[in-house]
1. Going 7 Å from the Cα of Glu48 toward and past its Cβ, which residues in the stretch 1-19 have a backbone nitrogen under 20 Å from where you end up?
2. Under a point-charge model restricted to the Cβ atoms of Lys and Arg (+1) and Asp and Glu (-1), what is the dipole moment magnitude of the chain relative to its Cα centre, in debye to the nearest 20?
3. Taking the chain as the reference, fit the longest principal axis to its C-alpha atoms, fit the long axis of helix 47-68 to the helix C-alpha atoms, and give the angle between the two in degrees, 0 to 90, nearest 10.
4. When the Cα centres of the stretch 144-192 and the stretch 119-143 are compared, how far apart do they sit, in Å?
5. Looking at the square roots a ≥ b ≥ c of the eigenvalues of the Cα gyration tensor of the stretch 100-149, which shape do they give, rounded for a/c under 1.5, prolate if a/b is larger than b/c, or oblate?
6. What distance in nm separates the simple spin-label points at Val177 and Val10, each placed 7 Å from Cα in the Cβ direction?
7. With Cα extents along the principal axes in Å defined as stated, name the option among (1) 50, 36, 27; (2) 55, 33, 28; (3) 59, 39, 30 computed from the structure displayed.
8. Name the shape class, rounded, prolate or oblate, that the alpha-carbon gyration tensor gives for the stretch 140-192, where a ≥ b ≥ c are the square roots of its eigenvalues, rounded holds for a/c under 1.5, and otherwise prolate holds if a/b is larger than b/c and oblate otherwise.
Amino acid sequence: MILRKILVSVEETHLEMGREVAPPIRRAIAAMVLKNPFAGRYVEDLSELIEASVPLGAELAQRAIAALGIPGDAVHSFGKAAIVGEDGELEHAAALLHPKMGAPVRSALGKGPALIPSAKKRGGPGTPIDIPLGHKDAAFVRSHFDAIEARITDAPMRDEILLCLALTTGGRPLPRVGGLTTEQIIGQDGLR
């Protein structure tokens with residue numbers, strides 16, 4: 001895979017509705033802009049993208065963990081997303097996101113049995129995407145149902161794919177809609 005650009009950003013929330021968020025919640029996005037080897041043509045076998053997702057997922061996880069400044073096993077939530085440029089197809093984004101990218105991300109986090117929420121779309125430079133977030137160990141933790149927007153002003157170009165991973169140190173600020181709490185997580189089936 002030909003890599004054009006990497007972007008890492010961190011958002012840190014200290015106040016919500018005038019109330020202190022302690023400790024502050026940090027959310028990091030690591031994103032890569034990649035040349036799409038299948039842009040402009042139909043290809044039946046997408047294994048090149050599927051296999052490339054393993055080292056790419058590992059790199060994105062390491063960069064996001066480093067940006068958060070915590071050990072991987074202290075990460076709370078995760079999510080992934082991709083935007084394929086106009087000359088690509090959604091299946092190119094799916095090939096990067098789904099079959100194999102989760103394993104290196106989970107490895108970097110020390111666990112993470114929950115399904116990694118994902119989103120994909122087609123768009124041009126500057127197209128935003130909301131990366132859905134969920135708790136890495138238990139999908140039923142409502143306080144961690146969230147999303148974070150990713151956007152790179154000059155990507156993806158027609159023949160590129162923007163690949164993103166988001167990791168967090170906590171859920172939404174001031175959660176109060178009930179459901180399973182982080183203290184109640186069993187963390188075996190990815191649900192509870």
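1. Answer for this model: 1-5.
2. Values: 22 positive and 23 negative charges, 74 e Å.
Computed charge dipole of the chain: roughly 360 debye.
3. With rounding to tens, the tilt is 40 degrees.
4. So the separation of the two Cα centres works out to 6 Å.
5. Details: a/c = 2.95, a/b = 1.53, b/c = 1.93.
Oblate, because a/c is 1.5 or more while a/b does not exceed b/c.
6. Using points 7 Å along Cα→Cβ, the separation is 2.8 nm.
7. (1)
8. Values: a/c = 4.10, a/b = 2.29, b/c = 1.79.
Verdict is prolate for the stretch 140-192.
The values are calculated or read from the model by the stated rules, or taken from the named source; none is laboratory data. Nothing here was measured: the structure is a model prediction, and the numbers come from that model. Reconstructed Cβ throughout: ideal geometry from the backbone, glycine too, with neighbour counts over all protein chains shown. For the accessible areas, the whole protein counts, side chains as well, though only heavy atoms, and no ligand, DNA or RNA atoms are used. Shrake-Rupley method; radii C 1.70, N 1.55, O 1.52, S 1.80 Å.
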